[in-house]
Amino acid sequence: MRKEPDAQADQPTVLAESAWFIVAVCVGCGAVLGELVRLLAGWLVTLRWAPFKGPAKLLESIPEPGLTIGAVSAGALLGLLLAFIALHESLSVSVSDSRVVLTVRDTSREFARDEIRLAFPDGKQLVLLGRDSQELAREDCDLKVARLVAAFTEHGYTWADADPHRDEFRRWVPGTPGLPEGANALFKAREKALNKQDDAEDARELRGELAKLGVVVRDEKKRQYWRMPRRP
């Protein structure tokens, strides 16, 4: 059941990854990794021949306890850096009776309640659908589904356990017929971006360009699938 928004009680439910938990895990794992590197260096110098034996000898030349402190500290700092990157890339979701706000990479996108027909998870992504079944948003999301369900349903949004249009998707191949003009070129460029680990942002932007043409895109193991929204 959907409920009408109450302007006097439009308090948002905000969902986000625990910063302290991410930092603690990353720093802890980094410190352990630093200690393992120290132990590995100590083992390598005992071998007659081994790759990286030169750097290992250099590392082992540092007297204790400086070596252990340095290795653990370096690992912890690396873990802290990874934690900041993870937090920057993580999605936060604010759900209120009147709007949904998705924030990732310091960029927020706001969707009014009357724009949103449905919300659902698709693998490790959160998807919002509009009135004509077009995708308003598709974001990587590590938040627990139970928390998302509670937040959306508490504020009266319709939630589905899976994509109701999943069977409408068709795999894209070069020259696919039935697409709007220019879509095949965008798919081709996006295919190249998906195959490059450092071009995730480019693939994201190209998804947006396809959305402007009315094409809904989902990925599966770097394969692209598409469908067209249902127009009234």
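Looking at the stretch 51-159, the helices (runs of 4 or more DSSP H) lying wholly inside it that each contain 3 or more residues that are within 24 Å of C26 (Cβ to Cβ) and of a type in the set (A, V, I, L, M) sit at 66-89.
Quick grid of which residues meet (1) touching a strand residue (DSSP E or B) at 6+ places or on another chain (Cβ under 8 Å); (2) β-branched (V, I, T); (3) on the phi > 0 side of the Ramachandran plot; (4) at pLDDT 90 or above:
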residue	(1), (2), (3), (4)
P5	no, no, no, no
Q11	no, no, no, yes
V14	yes, yes, no, yes
E17	yes, no, no, no
I22	no, yes, no, no
A31	no, no, no, yes
G42	no, no, no, no
T46	no, yes, no, no
A50	no, no, no, no
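Contact annotation: residue pairs with Cβ atoms under 8 Å, 6 or more positions apart or on different chains, pairing a residue in the stretch 86-112 that is closer than 19 Å to Q125 by Cβ and touching a residue at least 40 places away in the same chain (Cβ under 8 Å) with a partner that is of a type in the set (G, A, S) and exposed (fewer than 13 other Cβ atoms within 10 Å of the Cβ), are V101/S108.
Among the residues making up the stretch 215-231, those that are assigned to a strand (DSSP E or B) and either buried (at least 17 other Cβ atoms within 10 Å of the Cβ) or among the aromatic types (F, W, Y) (or both) are V216, V217, R218, Q224, Y225, W226, R227. Go through the residues of the stretch 138-158 one by one and say whether even a single one is under 26 Å from D202 (Cα atoms), surrounded by 13 or more Cβ atoms within 10 Å (Cβ to Cβ) and touching a helix residue (DSSP H, G or I) at 6+ places or on another chain (Cβ under 6 Å). No.
Looking for whichever is surrounded by 13 or more Cβ atoms within 10 Å (Cβ to Cβ), outside any loop (DSSP other than H, G, I, E, B) and outside the structural domain of S133 (by TED's automatic domain parsing) here; the options are E201, E191. Which one fits?
Numbers: E201 fails: surrounded by 13 or more Cβ atoms within 10 Å (Cβ to Cβ).
Going through E201, E191 in turn, the sole match is E191.
The values are calculated or read from the model by the stated rules, or taken from the named source; none is laboratory data. Because the structure is predicted, anything quoted here is derived from the model rather than measured. Note that we place each Cβ from the backbone using ideal geometry, even for glycine, and neighbour counts take in every protein chain shown.
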